Amino acid sequence: MKAIIQRVLSASVTVDKEVVSSIGQGLLVLAAVAPSDTPKDVEAIANKILKLKVWDDEGGGRWKRSVLDLDHQVLLVSQFTLLATTKKGNKPDFHGACPPAVAKEIYASLLLKTRELYVEEKKLSPEAGSTKVQDGVFGAMMEVSLVNDGPVTFEISSPVKQVETPLPKGGGGGNTQGEKRTKAASSNGESQVKPTEVVIDGGELDEGKRMSYPGTQYPSSPL
């Protein structure tokens, strides 16, 4: 599952010239469902939406407050095109996206889980969940309006296991580098992120000196 989170002052969805949902200050979230998504992916994304700290606190501390902390709203919109690939030619390829019938069910579970978590965390009535977390119309042609706040935009993906695959050493033009590239793979719905390790031989660094940096996370299905 992949999502784009935008901090907004307001946002709304219009279908057939009728406003079907509208929020004030909060988050507009565009979400795409992958074929391999599980309930664990749904819960991970729902938690991240509600707990991601994208606002400053009263004292000016940066990135200290979440949508839950400030009692703001969420507008969730299905957006399967996030899983498109454009590697070949200029026409988007959507084979990485989930079939509509299955995607609709998983998206509905994401909406429900986000509402449930909001209500649980803030100890609200179940009815309040529908006001705090709104959505568009799945599969419809929507007009999405928003007033971006910042702008502040984040891309998130449900966690996937990182598998290190060694690459052959290559040379030319100076230093020879041996790398281990991180590949994304899922394993029985469980997730783990490990750092990617790069070994640099020669050059200004001592031979064999190692540097580590966080591995890149990819969505549950290849793009």
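Checked against the criterion of being assigned by TED's automatic domain parsing to the domain that holds Ser109, over 18 Å from the mean Cα position of the chain (by Cα) and either among the charged types (D, E, K, R) or closer than 19 Å to Arg115 by Cβ (or both), the candidates Lys87, Lys48, Lys53 yield just one match: Lys87.
Let's see how each residue does on (1) surrounded by 15 or more Cβ atoms within 10 Å (Cβ to Cβ); (2) modelled with pLDDT of 95 or more; (3) over 22 Å from Val8 (Cβ atoms); (4) of a type in the set (Gly, Ala, Ser):
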{"residue": "Ile106", "(1), (2), (3), (4)": "yes, yes, yes, no"}
{"residue": "Lys113", "(1), (2), (3), (4)": "yes, yes, no, no"}
{"residue": "Leu117", "(1), (2), (3), (4)": "yes, yes, no, no"}
{"residue": "Glu120", "(1), (2), (3), (4)": "no, yes, yes, no"}
{"residue": "Pro126", "(1), (2), (3), (4)": "no, no, yes, no"}
{"residue": "Lys132", "(1), (2), (3), (4)": "yes, yes, no, no"}
{"residue": "Asp135", "(1), (2), (3), (4)": "yes, yes, no, no"}
{"residue": "Phe138", "(1), (2), (3), (4)": "yes, yes, no, no"}
{"residue": "Met142", "(1), (2), (3), (4)": "yes, yes, no, no"}
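Note on segment 74-104: residues that are of a type in the set (A, V, I, L, M, F, W, C) and either more than 24 Å from Lys48 (Cα to Cα) or without any contact (Cβ under 8 Å) to a residue 60 or more places away in the chain (or both) amount to 3. Note on segment 4-17: residues that are surrounded by 23 or more Cβ atoms within 10 Å (Cβ to Cβ) and either outside the structural domain of Gly129 (by TED's automatic domain parsing) or small (Gly, Ala, Ser) (or both) amount to 1.
Does Val20 satisfy the condition of being surrounded by fewer than 23 Cβ atoms within 10 Å (Cβ to Cβ), hydrophobic (A, V, I, L, M, F, W, C), outside any helix (DSSP H, G or I) and in contact (Cβ under 8 Å) with a residue 60 or more places away in the chain? Criteria met by Val20. Exactly one residue among Asp71, Asp57, Asp37 is among the acidic types (Asp, Glu), part of a loop (DSSP other than H, G, I, E, B), surrounded by fewer than 17 Cβ atoms within 10 Å (Cβ to Cβ) and in contact (Cβ under 8 Å) with a residue 24 or more places away in the chain, and that residue is Asp71. Quick one: in segment 23-33, of everything that is hydrophobic (A, V, I, L, M, F, W, C) and in contact with a strand residue (DSSP E or B) (Cβ under 7 Å, 6 or more places away or on another chain), which residue is surrounded by the fewest Cβ atoms within 10 Å (Cβ to Cβ)? Here the answer is Leu30. For segment 74-85, filtering for residues that are closer than 18 Å to Ile106 by Cβ and surrounded by fewer than 15 Cβ atoms within 10 Å (Cβ to Cβ) leaves 1. Among the residues that make up segment 119-133, is at least one of them in contact (Cβ under 8 Å) with a residue 24 or more places away in the chain and either β-branched (Val, Ile, Thr) or part of a loop (DSSP other than H, G, I, E, B) (or both)? Within segment 119-133, one or more residues are in contact (Cβ under 8 Å) with a residue 24 or more places away in the chain and either β-branched (Val, Ile, Thr) or part of a loop (DSSP other than H, G, I, E, B) (or both).
Restricting attention to segment 86-99, which residues are out of contact with any helix residue (DSSP H, G or I) (no Cβ under 8 Å at 6 or more places or on another chain) and exposed (fewer than 14 other Cβ atoms within 10 Å of the Cβ)?
Thr86, Lys87, Lys88, Gly89, Asn90, Lys91, His95, Pro99, listed by residue number.
The values are calculated or read from the model by the stated rules, or taken from the named source; none is laboratory data. From a predicted model like this one, the values you see are computed outputs, not experimental measurements. Cβ coordinates were reconstructed from backbone atoms using ideal geometry, including for glycine residues, and neighbour counts include every protein chain displayed.
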